1. Relative contact order of segment 321-419, please, whole-number percent, based on alpha carbon pairs below 8 angstrom and at least 6 residues apart.
2. Could you order Ile308, Ile60 so the one with the most accessible surface comes first? Probe is 1.4 Å.
3. What figure, in Å² to the nearest 10, do you get for the accessible area of Trp393 with a 1.4 Å probe and non-protein molecules left out?
4. With a Förster radius of 45 Å, plug the Cβ-Cβ distance of Asp327 and Glu236 into 1/(1 + (r/R0)^6) and report the FRET value to the nearest 0.05.
5. Which of the residue pairs Lys216/Lys323; Lys201/Lys276; Lys111/Lys234 have a Cα-Cα distance greater than 30 Å in the structure shown?
6. Let me check against my output: what whole-number percent is the relative contact order of the chain, with C-alpha pairs under 8 Å and at least 6 apart?
7. Expressed as a whole percentage, what fraction of the accessible surface of the chain belongs to carbon and sulfur atoms when a 1.4 Å probe is rolled over the protein heavy atoms?
8. Taking a ≥ b ≥ c as the square roots of the Cα gyration tensor eigenvalues, with a/c under 1.5 meaning rounded and otherwise prolate when a/b beats b/c, else oblate, which class fits the chain?
Amino acid sequence: TLEQMIEFLNHCKLAGVDIVDVSRGNTVTPALVYEVPPIDIPRGFNVENAAAIRKGTGLITCAVGRINDPKQAEEIIASGQADMVAVGRGQIADPEWVNKAAAGRASDITKCVACDQGCYDRYAGGHPMGITCLQNPRVGREAEFAVTKTKHPKKVLIAGGGMGGMEAAALLKERGHKVILCEASDALGGQFVLAGLAPRKGEMKDAALARARQLKRRRVDIRLKTKVTPALIKREKPDAVIVATGGEPIQLKVPGTDGRNVSDSVKVLTGKSKAKGNVAVIGGGLVGLEVAEYLAEKQPGVTSVNVIEMLGACGEGLGMLRKQSVDANLEREGVCTMVDTKCLAIKPGAVVVECGGCQQEIPADHVVIAVGSRAVDHSAIDQACEKLGIPYWVIGDARQARRAIDATAEAAEVVLEIDKA
């Protein structure tokens with residue numbers, strides 16, 4: 001307990017300890033979630049413990065845990081809750097974190113969003129690179145990705161302003177290339193902004209918008225409401241094209257999907273579709289579970305939420321620690337998950353499913369389709385590049401629907417190829 005820890009540390013103080021760093025969790029129980037805390041865990045979640053220990057021992061005390069902003073760190077120290085602050089993953093996401101903070105350039109910091117995709121999931125999964133980072137794909141390969149101004153500037157057209165497109169634009173601009181970043185919608189950020197609308201994930205939306213502002217400050221040529229077409233490619237005559245057009249929701253092909261009581265995950269998260277009563281979410285992957293949380297937690301008038309997943313488990317696409325947090329929240333909110341269950345049809349007031357060889361009807365006043373994403377069709381861009389002899393690369397969800405870390409990693413690889421060409 002906290003009281004026992006204070007007693008223990010007072011003994012340590014008598015034995016000559018000068019400073020205590022207050023962390024939390026362990027690696028052998030579900031408390032692992034506090035060792036590499038995902039975005040679901042509040043920022044600065046250890047600070048209260050640090051403050052109590054500082055008061056109870058008089059030791060110089062260091063706070064750590066989801067501290068990713070200089071203002072937050074300064075407030076912790078100024079309020080007397082701790083004498084020092086440690087920033088770990090924040091300096092993986094941006095190795096210049098401290099220098100930028102000292103120079104008063106906090107807005108230029110690329111913040112850790114605690115996605116856990118690179119620093120834990122890939123490491124725990126035995127990825128050959130060990131620790132990587134969604135926000136900083138150069139981690140562990142700093143020498144290879146060392147920034148040198150190119151002697152042969154190229155004009156690069158990027159189709160799509162999601163995380164992959166923005167990462168490519170930032171790296172190319174840094175190296176001295178001329179970049180044109182085109183986004184078909186009216187804002188940069190793509191799926192990362194949408195993901196930030198789910199419960200506890202607002203930092204992802206903030207990070208995407210912050211990256212967009214950084215690109216504007218670096219004077220990247222950003223063109224919103226501009227779809228890359230063969231005519232645009234022909235007019236701009238780029239030396240290279242990066243296709244980062246992202247993905248779009250897969251349409252479920254069963255009777256009843258055209259009903260007035262049916263919508264998709266994007267419409268629900270953006271508030272374009274309101275649900276009431278009993279709600280069925282078809283699809284128990286990353287998006288399906290987040291939509292279920294959103295409905296149960298934030299949508300007034302929803303009485304029950306059932307997640308229907310045809311595979312043997314829900315949460316594909318969620319890392320271990322994020323899944324642990326999401327599962328706990330689903331249980332708290334009373335969301336029911338049904339696995340090995342196939343949706344056969346949608347009717348007014350019910351969803352027809354098959355489970356264990358038997359058919360049954362699940363009450364559903366509203367149905368949300370969240371069965372995954374597929375690449376947006378970019379064949380016209382590909383064909384135009386091939387016809388004009390322009391080299392092009394396809395990255396992120398435009399290649400195959402995956403996680404954001406794949407998009408930024410591929411963006412970095414492509415920039416190296418363009419730079420060396």
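The values are calculated or read from the model by the stated rules, or taken from the named source; none is laboratory data. The structure presented is a predicted model; accordingly, all values stated were derived computationally and were not measured. Positions of Cβ are generated from backbone atoms using ideal geometry, with glycine treated the same way; all protein chains shown enter the neighbour counts. When the accessible area is computed, the model is the full protein with side chains, heavy atoms only, and any ligands, DNA or RNA have been set aside. Shrake-Rupley method; radii C 1.70, N 1.55, O 1.52, S 1.80 Å.
1. 13 percent
2. So, going from the largest accessible area down, we get Ile60, Ile308.
3. About 50 Å², ignoring ligands and nucleic acids.
4. 0.40
5. Lys216/Lys323; Lys111/Lys234
6. 15 percent
7. Carbon and sulfur: 53 percent of the exposed surface of the chain.
8. Oblate, because a/c is 1.5 or more while a/b does not exceed b/c.
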